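Structure first, commentary second.
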Amino acid sequence: MAQTQARTMPGVLELLPREQIAFQRMLDVIARNYRLFGFLPIETPVMEFSKVLLTKSGGETERQVYFVQSTGALEKDGQPELALRFDLTVPLARYVAEHERELSFPFRRYQIQRVYRGERAQRGRFREFYQCDIDVIGKDHLSIRYDAEIPAVIHSVFRELAIGPFTIQLNHRKLMRGFFEGLGIADGEQQMLVLREVDKLDKRGAEAVRATLTGEGFGLAEDVVAKILEFVQVRSTSLADAVAKLDALGSGSETFEQGRDELKQVLTMVRDLGVPENRFALNLSIARGLDYYTGMVYETTLDEHPEIGSICSGGRYDNLAGQYTKSHLPGVGISIGATRLFWQLREAGLIATADSTVQALVTQMDEAHLPEYLALAGELRAGGIATETVMEGGKLGKQFKYADRAGIRFVLVLGDEELTKGTVTVKDMRRNDQFEVPREELIKALRVELEQAAVMPVARD
């Protein structure tokens with residue numbers, strides 16, 4: 001029987017153990033910060049009923065859905081009843097609608113799970129990837145103050161991840177819609193098309209956007225496009241600068257004024273929540289391509305690596321679960337695409353493999369002393385130190401080489417001399433030095449070293 005070639009399908013990120021540890025630590029940092037702000041964990045099934053998942057017709061994302069069919073259904077030639085989730089927002093909408101009477105509002109949830117999309121196979125695009133979402137869902141009403149809290153969460157997450165200076169960019173859909181109305185672009189569908197186009201400004205450049213808006217697809221007048229480009233290129237350098245630039249926009253429609261007022265409130269409260277002014281800014285080109293955003297919108301970028309694009313995005317929506325319930329459930333939230341972010345950071349050299357989760361390796365000097373080695377490992381584990389024991393002997397140098405390659409920091413040697421003296425020799429692979437310590441003090445000594453190593457560097461603001 002011919003062997004099948006072992007290969008991974010395109011569009012997935014399969015990591016080696018030390019890379020997986022680094023990725024898991026990223027997820028742990030995100031989850032910990034979400035919990036610090038009072039968000040509660042939920043999980044939803046990887047599969048949903050197709051009719052629930054595909055509540056809207058069309059849309060690029062919905063054309064990328066993977067349908068799920070059992071063998072029995074295939075035999076009966078049945079239509080796919082189930083599909084894999086393509087994001088976490090639609091399952092959240094179903095979840096809230098289904099459990100509405102059991103939940104406390106405002107409902108603050110975080111969710112870190114895989115999602116699936118039928119992406120074209122290309123570098124950096126994934127068919128299976130982790131999303132890390134938070135949302136605050138209100139019942140009938142949700143204060144604009146929650147919109148200000150979201151950037152504070154973003155700041156907390158990326159400050160601890162320490163991947164470099166970043167900026168949380170904010171805008172408001174109502175401000176943009178009101179501005180377009182003032183230019184005579186009042187049709188909702190046309191507004192959405194223009195919004196999607198100006199959202200590409202930082203990627204495509206002003207001249208490319210100008211050519212599109214004045215071309216056959218849009219046919220906007222040159223003076224209208226000039227005003228749009230002037231508007232969407234507004235950026236701020238401080239809170240005072242943001243407020244001044246918003247005030248300088250002049251008067252507008254009721255929608256415009258509501259958007260400007262809410263944006264000023266949010267920007268001020270973001271500062272009051274402790275986010276430094278060099279970490280957030282006004283950016284009037286941020287629109288977010290998804291139709292359901294109705295208010296605040298956010299995008300976060302790395303200052304020194306703009307080529308990576310947005311590393312965290314989201315915004316406010318009026319009615320999360322309108323397809324499933326008559327209740328009015330406004331919300332605000334953001335999502336971090338952790339798989340793509342990790343891949344991008346690794347490609348940019350901003351993240352490296354991690355040390356092993358195994359903290360100590362007990363070597364084998366003499367097979368006759370194996371019971372002593374096993375007992376030492378047991379003592380370390382009882383003291384909370386993850387420990388591996390070399391079960392098959394060999395040259396000590398080979399055992400040290402194994403520890404180095406596996407990323408295990410401490411290698412413990414218990415030879416005849418150490419057994420006689422009641423000591424253990426500890427080789428610190430990170431510092432490339434070694435020391436001898438009484439056996440009864442070993443756990444305490446290793447804990448001190450490990451606690452010092454566990455203090456993660458935090459990016460300065």
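The values are calculated or read from the model by the stated rules, or taken from the named source; none is laboratory data. Everything numeric in this text was worked out from a predicted model, so none of it was measured. Counting neighbours? That spans all protein chains shown, and the Cβs are built from the backbone with ideal geometry, glycine included.
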Can you confirm whether the stretch 318-327 contains a residue that is closer than 16 Å to residue 147 by Cα and of a type in the set (Gly, Ala, Ser)?
no
Count - residues of the stretch 83-105 that are under 16 Å from residue 332 (Cβ atoms) and surrounded by 20 or more Cβ atoms within 10 Å (Cβ to Cβ):
5
Quick one: how many residues across the stretch 86-115 are at pLDDT 95 or above, farther than 14 Å from residue 320 by Cα and not acidic (Asp, Glu)?
9
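For every residue, the table says whether it meets (1) in a loop (DSSP other than H, G, I, E, B); (2) touching an Asp or Glu at 6+ places or on another chain (Cβ under 9 Å); (3) in contact (Cβ under 8 Å) with a residue 40 or more places away in the chain.
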residue	(1), (2), (3)
115	no, yes, no
122	yes, no, no
147	no, yes, yes
150	no, no, yes
159	no, yes, yes
170	no, yes, yes
Here are 318, 303, 272: which of them is of a type in the set (Asp, Glu) and either on the phi > 0 side of the Ramachandran plot or under 19 Å from the mean Cα position of the chain (by Cα) (or both)?
303
Count - residues of the stretch 330-352 that are in a loop (DSSP other than H, G, I, E, B), buried (at least 16 other Cβ atoms within 10 Å of the Cβ) and out of contact with any Gly (no Cβ under 7 Å at 6 or more places or on another chain):
1
Which residue is farthest from residue 413 (Cα to Cα), if the candidates are limited to the stretch 363-382 and must be surrounded by 13 or more Cβ atoms within 10 Å (Cβ to Cβ) and of a type in the set (Asp, Glu)?
379
When residues of the stretch 14-44 are filtered for being in contact (Cβ under 8 Å) with a residue 12 or more places away in the chain and either assigned to a loop (DSSP other than H, G, I, E, B) or polar (S, T, N, Q) (or both), how many remain?
8
So for the stretch 391-413 (the condition being part of a helix (DSSP H, G or I) and either of a type in the set (Ser, Thr, Tyr) or in contact with a Gly (Cβ under 6 Å, 6 or more places away or on another chain) (or both)), does at least one residue qualify?
yes
Matching entry among 319, 278 (being at pLDDT 90 or above, surrounded by fewer than 17 Cβ atoms within 10 Å (Cβ to Cβ) and in the same structural domain as residue 256 (by TED's automatic domain parsing))
278
Can you give me the number of residues within the stretch 199-216 that are of a type outside the set (Val, Ile, Thr) and either in contact with a Leu (Cβ under 7 Å, 6 or more places away or on another chain) or touching a residue at least 24 places away in the same chain (Cβ under 8 Å) (or both)?
7
For the stretch 223-245, give me the residue count where each residue is free of Cβ contacts under 8 Å to residues at least 40 places away in the same chain and within 22 Å of residue 184 (Cα to Cα).
5
